[in-house]
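Below: the structure, in structure tokens.
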Amino acid sequence: MNVILAVALVVIALLLGVAIGYIVRLFYAKYSLTSAEEMAKRILSEANAKAESKVKEGLLEVRERMENERRKFETETSDRRRELKELERRMTQKEESLDRKLDILDKKERDLRDREQRILVKEKEVTVEEEALKQKKAEQIKILERLANMSSEDAKRMLMQTLEEEAKLESAQRMKVIEQETRDTADKKAKEIIALAIQRCAGEHTAEITVSSVNLPNDEIKGRIIGREGRNIRAFEQATGVDLVVDDTPESITLSSFDGFRREVARVSLEKLITDGRIHPARIEEVVAKTKKEMETQLVSIGEEAALEAGVPNLPKEVLELLGRLKFRTSYGQNQLQHTKEVTWLAGVLAGELRVDIKFAKRAGLMHDLGKAIDHTVEGTHHQLSADIAKKYGESEKMINAILAHHEGIVEPKSIEAVIIMAADAISAARPGARRETLEHYLKRVDKLEKIASSFRGVENAYAIQAGREVRIIVEPEDIDDSQTTVLAKDIAKKIEQELEFPGQIKVTVIRETRAVETAK
């Protein structure tokens, strides 16, 4: 019973607590609502006050801006009015000026009409006078024709012929003067360049021949070289490809061969055999084989030395070997390696004087005759073989053309450097003493030169002088006048260029003279 009562009291207490809490929350909520309404009213009041203040400020700002805009508009309007007044004033001045100009133009137009009328009158007068002059001229022509016994057409032809002859004479004289001035200037400059090139590249030249002599310590060694029944000399000739000539010349043996390299191998081998003293077929073959290897190695050294001397670096080993072989090759008695170096030096100097590629010119000069180092087993001309070698080792088309064109008439040169190589080769080959020329070839060239000169009309005699470097032509004075000598010299020179092959230049001199001879008795 007590427990039930206690539980009932707890429940009643809880209910009272809940009721009291609800009543308290109700009163608090009512109070909070009242406070919020008051706060809202206060905030609204403050907002209205601020809004009114902002409105007043905005109105003042708008009024001030409108006032500024009004003042600005009035100022702009005033300026525009002044501009319009100024423009109106200028337009008025222009109108007045135009009026004055129109008056002037009207006056000028009236003057022009008056002048035109006067010109028309003058034209009529001139036309009348012209007709009168034509009639007088026709009458004068008839009188002249009757007096001269010649028609006007004949007189015109005679006049034209006279003028044509005078023009030809004057043109020939003028052409002669211009050609002489050009020739003098060109010859002087060319001689300076070539003389400078030759002076800077002058060197000693030895003409290799087809035989070499080997000095012997005594004549007894000749028997040992010949050997029993000539077996040693046969073995030596077979191993070297060189003829061994043993004659009565004291303490000397002659080696004969057109191949300079083989002859040099034979000379060195023979000197080694003589020094060694052991001369028999087996030893000969051994020494010759060893000497060949040494000489082939030496070829590269010779080529390197030549390339270094010429100032052309970075050449392939095979090219250096071919360059070295040129030391043992001759052409018309001129050593080919020395000729190649001379062409290289000359080409470099000429390229420097003409301000073109010096390195290219030197390289082309050093490679232009490499084909001559190849023996007869390979077919082809030496310039074609040289070009093939250059192409094989990656040289440019320009280089190949320069090599092919170094002999005139093979291919056309496509660069200044190619012409320089052609000129340098001709200078090196054609200078006095550089090459040997057979008497028969020389006489044929001189005879053909004289025949070409004598084939022209009016030529009395032709003489080739200075070893074929100049031809002097004597003409008939009745057939060739002074003005025609220049034309004749030019025609003869052209025909010589077309029909005759020659190194360097040939000077053509035409001589015309009139002689009066009387005998005093």
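When the residues of region 337-378 are filtered to those that are part of a loop (DSSP other than H, G, I, E, B) and under 19 Å from residue 306 (Cβ atoms), the one that is farthest from the chain's Cα centre (by Cα) is 374. Of all the criteria given as (1) touching a helix residue (DSSP H, G or I) at 6+ places or on another chain (Cβ under 9 Å); (2) within 17 Å of residue 329 (Cα to Cα), the one not satisfied by residue 235 is (2). In this entry, residue 274 is excluded by the filter for residues that are in contact with a Gly (Cβ under 6 Å, 6 or more places away or on another chain) and β-branched (Val, Ile, Thr). Among the conditions (1) among the β-branched types (Val, Ile, Thr); (2) more than 30 Å from residue 227 (Cα to Cα); (3) modelled with pLDDT of 80 or more, residue 284 misses just one, which is (2).
Summed over region 487-507, residues that are buried (at least 17 other Cβ atoms within 10 Å of the Cβ) and either outside the structural domain of residue 454 (by TED's automatic domain parsing) or of a type outside the set (A, V, I, L, M, F, W, C) (or both) total 1.
With the checklist (1) crowded, with 18+ Cβ neighbours inside 10 Å; (2) modelled with pLDDT of 80 or more; (3) small (Gly, Ala, Ser) in hand, flag the one item residue 455 doesn't pass. Of (1) crowded, with 18+ Cβ neighbours inside 10 Å; (2) modelled with pLDDT of 80 or more; (3) small (Gly, Ala, Ser), only one is false for residue 455: (1).
Just one of the listed residues (317, 292) is among the basic types (Lys, Arg), under 30 Å from residue 338 (Cα atoms) and surrounded by 14 or more Cβ atoms within 10 Å (Cβ to Cβ), namely 292. When 137, 124, 107 are screened for being surrounded by 10 or more Cβ atoms within 10 Å (Cβ to Cβ), among the charged types (D, E, K, R) and either within 30 Å of residue 156 (Cβ to Cβ) or within 60 Å of the chain's Cα centre (by Cα) (or both), only 137 passes. Selection over region 451-495 of residues that are among the aliphatic types (A, V, I, L, M), free of Cβ contacts under 8 Å to residues at least 24 places away in the same chain and farther than 27 Å from residue 166 by Cα gives a count of 3.
Picking from residues in region 1-23 that are part of a helix (DSSP H, G or I) and modelled with pLDDT under 70, the one that is farthest from the chain's Cα centre (by Cα) is 2. The residue that is surrounded by the most Cβ atoms within 10 Å (Cβ to Cβ), counting only those in region 263-282 that are under 14 Å from residue 325 (Cβ atoms) and touching a residue at least 40 places away in the same chain (Cβ under 8 Å), is 263.
The values are calculated or read from the model by the stated rules, or taken from the named source; none is laboratory data. Computed from a prediction, not measured in an experiment: that's the story for all the values here. Glycine gets a Cβ as well: all are built from the backbone with ideal geometry, and neighbour counts include every protein chain shown.
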